[in-house]
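Nothing in this text is a laboratory measurement; each read-out follows from the coordinates by a stated rule. Quantities reported herein were computed from a predicted structural model and do not represent experimental measurements. Every residue, glycine as well, gets a Cβ built from its backbone with ideal geometry; the counts of neighbours run over all protein chains shown.
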Amino acid sequence: MLFPVNQSDELCPADQCLSYHADGQSHLNGAAMKVDSREEISPVPLRTSPAGLETYIAGRTLVSGDGPAWTDIFVQVFSRLTVQRPFLVPAVAEPLVVWVISGQARVEERDLDGEWEANTVRVGDFFLTRSPTPYEMRWRAEGDEPFQVMHLYLSVPLFERVAEAVLGKAASALRLRDISGGRDQHLSSMLELIHAELTAEGEGSRLFVEGLAQTLAVHLIRQYATFDAEARPSNALPGAKLRRAIAFMEANLQEPFDLARLAQTAGMSAFHFSRLFKKATGLSPSHYFIRQRIAKAQQLLQETSTSIIEIGMSVGYSSPSHFAQIFRREAGVSPSDYRRS
């Protein structure tokens, strides 16, 4: 669901909305049109990754790998909500490993419009994905321990170099199997070393991290590779560009949405960026921006006593009624009901 034009029920086309004003006014290139939406999916929460997840999944970032040591892998540790409503996990170019480091949860996943499949995961379990299409996910944490996970993305150049070294010409047909709630002691040992380096003082040893990243890539290829040229991810938006665009959105929630500026952060044309962004996330850039605004509003409603009017203004809505309308459409309840719940 995109920004209404003049607060009516007409919706702005996904990739023709070049700038929006906080009061609902918009400047368009092209005619307004209706856009289908998935009502059952909750607002995309604040943090996710290239991979989208940094902004897709609500929670708190505990630590993040940065600096020259972390060129080949992007690592973050998150503390997640106890209950996570359904959200879209974006398709990305990088292989993604999610490793449970604290707590236990019942996690459910499904293809779009598919049946939910559930796994109970605990410390040491992992998920592996390099899905070429978005999918849905939700969970409920169990027990008293906080539900904390580490996300690790292997850079595409590193992964492809290692795949070619291990498999030769067969690397061109390589696809990683999706794993949900798996256990792998060798993988856990590598991830423990990476986590220790991530949380140590300083920025980490580049030589050590590079070695761990290569070792991890070899292990994933040896243990979880299948060969299906048709299933390889293609034309996916690189995670670095997705992260950059998402970070730009998150830093500018109070500002009008501007597709041209957003595409510029990724170094792409607006048309090309919009197409790949939607392929990666399942949402147009403008709809994703609304999801970020509402997710931020949800966080403020839960964690602060700030008035609803002030919260609406802080995420770019100068009209309380317009904010309430958009919030209800995305979250399924009014801001006041959401705060009470």
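In 5 Å bins starting at zero, report the fraction of Cα pairs in region 122-222 per bin as a rounded %.
Calculated P(r), rounded to whole percents: 2, 10, 19, 22, 19, 15, 9, 3, 1, 0.
Taking the highest mean first, how do the peptides 95-107, 158-170 order by number of other beta carbon atoms within 10 angstrom per residue? Mind showing how you got there, number by number?
Working: 95-107: 21.3, 158-170: 15.6.
Packing order, densest peptide first, comes out as 95-107, 158-170.
Determine the equivalent ellipsoid of region 53-231 by diagonalising the alpha-carbon gyration tensor, then write out the semi-axes as square roots of 5 times the eigenvalues, largest first, rounded to whole Å.
Working: eigenvalues 124, 94, 37 Å².
Semi-axes, largest first: 25, 22, 14 Å.
Given the Cα-Cα distance of Ala173 and Thr215 and 0.36 nm per residue of separation, how much length would full extension add, in nm?
13.0 nm
Which of the peptides 192-200, 319-327 is most tightly packed, and how do the rest follow, judged by the mean count of other Cβ atoms within 10 Å per residue?
Answer by packing, highest mean first, reads 319-327, 192-200.
Going by average Cβ density within 10 Å per residue, which order do the peptides 119-129, 303-313 take, highest to lowest?
Top to bottom by mean Cβ count within 10 Å: 119-129, 303-313.
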